[in-house]
Amino acid sequence: MTDRISVARSEPESDVSMETQRQRRTVARPICARHRRLEDVSRILVGTASWTDPTLVKDGHFYPPEAKSAEARLRFYADQFPIVEVDSTYYFPPSEKNAVLWIDRTPKDFTFNIKAYSLLTNHPTKRESLYKDLLEELPEDLGDKKNLYREHLPEAAVDEVWQRFHDALMPLHSAGKLGAVLFQFPQWFVIGRKNKDYILECAERLKDFRLAIEFRHKTWLEERNADETLSFLEEHDLPLVCVDMPQGFDSSIPPIAAATAKDLALVRFHGRDRDVWAKKNVSASERFRYEYSEQELKEWVPRIRDVSEQARETHVLMNNCYRDFAVNNARQLADLLEE
């Protein structure tokens, strides 16, 4: 396999229990200065995939008691981390109003990564999430469908969704706070010419922004196709999203680290709970309910450093958003990268 790939290898678990590690942490310690230093020296931004997760808010160990509003929580989060991923935009398209609020509530150098709306990544999309005026114009044969798919909608409606998604993110882009738009494709999005062409269409539709590509089918990065996929992304200057996730499923992507664009590399951590990964009707908090051990995080340190040397900036996001698991692991990983 190509030399540009680093593979994360499992190492023995630490003798220290996970709960003991949790008890030893100072959960609310201020880390803003440390993250700014990491950002300046290594060009590595470490954060989480949400600041609004209900289990995090309810847990009570991250946000101070006085951070009771959405504004207060974002301001506090942005004092702790230099980057956040907005996942809510996958379920409902973003709005210019929210983009302006996010700009006003965060420091000048704060970065937002935005997850692409489900309709644009070929996922089933709840009809109530679609813009009301577009819903009213849909063909009658789509009237009783709870979930909509991009290919079922009129071309004009799809074009309008793309345009509104673009316009909603333009304030963030203009303010210099838009990092990347994350296109996480579904499990049935397998390697092939048609799907490669669609990735290029996405890049053209949002050519003002930086796109990052995350696959969820093993065909893209299995050994026989890895070089082809990486070469395709490199040719079109599209960053691959490297992932840590449960292995052994059709949706599993191997834990490789590769930079396919000179300006940006991304790594996302989804947890390693194999028991719930492929279950149906499991909530996001259950699926990503996994706290990494220090040893598991250490597996990625040399690989993150490697891709950071190949790209101008590297984004590392913890998506194990259950209680304070993600914020704690983000802090741990930032410490390990700074050593």
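Structure notes:
- Residues in the range 127-142 that are of a type in the set (Asp, Glu) and open to solvent by less than 100 Å² (accessible area, probe 1.4 Å): Asp133 alone.
- In the range 40-61, the residues that are surrounded by fewer than 22 Cβ atoms within 10 Å (Cβ to Cβ) and touching an Asp or Glu at 6+ places or on another chain (Cβ under 7 Å): Arg43, Asp59, His61
- When Glu309, Glu338, Glu291 are checked against the criterion of being more than 15 Å from the chain's Cα centre (by Cα), farther than 17 Å from Gly47 by Cβ and not hydrophobic (A, V, I, L, M, F, W, C), Glu309 stands alone in meeting it.
- Scanning the range 143-154 for residues that are surrounded by 10 or more Cβ atoms within 10 Å (Cβ to Cβ), charged (D, E, K, R) and free of Cβ contacts under 8 Å to residues at least 24 places away in the same chain yields a single hit, Lys145.
- Condition check for Ala203: of a type in the set (Gly, Ala, Ser) and in contact (Cβ under 8 Å) with a residue 40 or more places away in the chain: no
- Residues satisfying the criterion are present in the range 307-318 (criterion: assigned to a helix (DSSP H, G or I), closer than 19 Å to Glu214 by Cα and modelled with pLDDT of 95 or more).
- Here Asp167 fits the description: among the charged types (D, E, K, R), in contact (Cβ under 8 Å) with a residue 60 or more places away in the chain and surrounded by fewer than 19 Cβ atoms within 10 Å (Cβ to Cβ).
- Check on Glu66, acidic (Asp, Glu) and loosely packed, with under 14 Cβ neighbours inside 10 Å: yes
- Only residues that are surrounded by fewer than 24 Cβ atoms within 10 Å (Cβ to Cβ) and in contact with a Leu (Cβ under 6 Å, 6 or more places away or on another chain) were counted across the range 299-322, and they come to 3.
- For Ser95, the stated conditions hold: it is open to solvent by less than 50 Å² (accessible area, probe 1.4 Å) and at pLDDT 95 or above.
- Per-region count, the range 202-250, residues open to solvent by less than 20 Å² (accessible area, probe 1.4 Å), within 21 Å of Val276 (Cβ to Cβ) and among the hydrophobic types (A, V, I, L, M, F, W, C): 3
- The listed residue being surrounded by fewer than 21 Cβ atoms within 10 Å (Cβ to Cβ), in contact with a Leu (Cβ under 9 Å, 6 or more places away or on another chain) and closer than 22 Å to Tyr117 by Cα, out of Ile253, Ile199: Ile199
- Qualifying residue in the range 271-288 (condition: at pLDDT 95 or above and buried (at least 20 other Cβ atoms within 10 Å of the Cβ)): yes
The values are calculated or read from the model by the stated rules, or taken from the named source; none is laboratory data. Because the structure is predicted, anything quoted here is derived from the model rather than measured. Note that we place each Cβ from the backbone using ideal geometry, even for glycine, and neighbour counts take in every protein chain shown. The accessibility values were calculated without ligands, DNA or RNA, using every heavy atom of the protein model including side chains. Shrake-Rupley method; radii C 1.70, N 1.55, O 1.52, S 1.80 Å.
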